[in-house]
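Structure in structure tokens, see below.
Every number here is computed from the coordinates shown, using simple stated rules; none is lab data. Computed from a predicted model, the values in this text were never measured in an experiment. Cβ sites come from the backbone with ideal geometry, for glycine too, and all protein chains shown count toward neighbours.
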Amino acid sequence: MSRRILISMVLPLSACLTLTGAVTSQASKDFNCAESQIRAVEVDDYAIKATGCGKAALYNRAAQSPLTRASFDLSCPAEQLQMVPLGDNAFGVEGCGKKASSAWVDQAWVGH
């Protein structure tokens, strides 16, 4: 196998590992949970789901979650919020009897 082919096969894999690693690190902080207990899995082209220590959240490819903004907008503690991917880099957030949606636009979460 040529060196060029080998490099082209390894680079996408390392980018994926780096992305899930970034989400794992951020979720560890968000969940107040050891990184070793966090599992990050790609849900679709826009979302990575992190789970651990009894919590779950969706993150975009910049390893950022709309939970902080949704918690403020809905006046609901982040640990009571549930998230679902809506596609096109948008997420639904539900908790405390309320619903909201957010999309990642121009490096910021924007509520709908």
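Under 20 Å Cα-Cα from LYS29, which lysines qualify once same-chain neighbours fewer than 8 residues away are excluded?
Leaving aside lysines fewer than 8 places away in the same chain, those within reach of LYS29 are LYS49, LYS55.
Just need the Rg to Rh number for segment 3-111, please, alpha carbons only, Kirkwood Rh.
On the way: Rg = 15.0 Å, Rh = 14.5 Å.
Here the Rg-to-Rh quotient is 1.03.
If I model a spin label as a point 7 Å beyond the Cα along the Cα-Cβ vector, how far apart are those points for SER101 and LYS55 in nm?
With each label point 7 Å from Cα toward Cβ, the separation is 2.6 nm.
Per 0.36 nm of contour for each residue apart, how much would the distance between ASN32 and ASP44 grow if the chain were fully extended, relative to their Cα-Cα spacing? Intermediate values should be presented prior to the final figure.
Numbers: separation 12, 0.36 × 12 = 4.32 nm, distance 2.53 nm.
Between ASN32 and ASP44, full extension yields an extra 1.8 nm.
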